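Values quoted throughout were computed directly from the atomic coordinates according to the rules given, and no laboratory measurement underlies them. All figures in this text were calculated on a predicted structure; none of them were measured in a lab. Note: ideal-geometry Cβ built from the backbone for every residue, glycine included; neighbour counts use all protein chains shown.
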Amino acid sequence: MGRRGWAWYLQRPPRGPSLGLLSDLEKSPMDIALNEFNSLLDAAVAESSVPAQSPRPPRRRRPSAPDLEVRIRQAVSAFHQGDYLRCMASLRHIEGEAPGDGRVEAFLAASRAFALGEMREAVKTCVGAVKRGTHVADVCCALGAVLLKAGDRSKAVAVFRKGLADDPLHPYLRARLRELGLRRPPVFCSLPRSHVLNRVFGILRARLTAS
C-alpha cells in the first residue's frame, strides 16, 4: 500500500454502529423506529462496559460517600413521588460533588423534562448517561419515564426492560411495568399462562424475588 493509501486508511471513519448510529440515538431518539431504537440502546449499553478515558477532575473536598449516596437516593425518591422541583433543586446542589454519577445527570434532566417540558434534551442526556455505564438500571428508569411522558410507550417499555436486565429486582422499574399493566413472561413459555405449573412456579418465583 502506497503512502497515499496508508494516509487514507489511517484517516478513514471507524466501522460499526457505535459512533455514527449512537450519535443518531442521542440526536433524535424520539424520531427513529422502535426496532432501530432497541438496537441502538443495546449498543449504548454494550459501549458502557468499555471504560472511557476522561480527564481527572480537580481535587476538592467532598462529603463522605454514604452521605452523598443518601442525598442522591432522596432526590431520586422525590422524582418517583412526583416532586420534580425538589428533585431538581437537590440534584443541582449535588451535581458538582458527584462527577460521573449517571443518576445525577439523568434524573436532573428528567426532572427538567417533567417540570419544564425539555423532553428531547432529557432523552439525549439520559442516553449519554447509559453510555457512561454508571447505575444503568436507574438511568433507564429515568429515560423510560421521560419517553412515557412524551407519549412513546413502546420505547419506554423497551428501556424499562433493558434496565431490568441490568438489575432484575429494581423496585422502581418493576413498579413502572406493573403500572403499565405488563406482566412477566410465564415460567414455562411453552405452556399456557393458566397451566398449573406456570401458576405454581409463578407464585414461587414471585415469593423468591420479593424476599
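Miscellaneous remarks
- Gain upon complete extension [L182, N35; 0.36 nm per residue less C-alpha separation]: 51.0 nm
- Cα-based shape type of the range 70-179, given that a ≥ b ≥ c are square roots of the gyration tensor eigenvalues and the cut on a/c is 1.5: rounded
- Each peptide among 139-149, 92-102 gets the average number of other Cβ atoms lying within 10 Å of its residues, and from highest to lowest they stand as 139-149, 92-102.
- Inter-label distance, nm, simple model (7 Å from Cα along the C-beta direction), A89/D42: 4.4 nm
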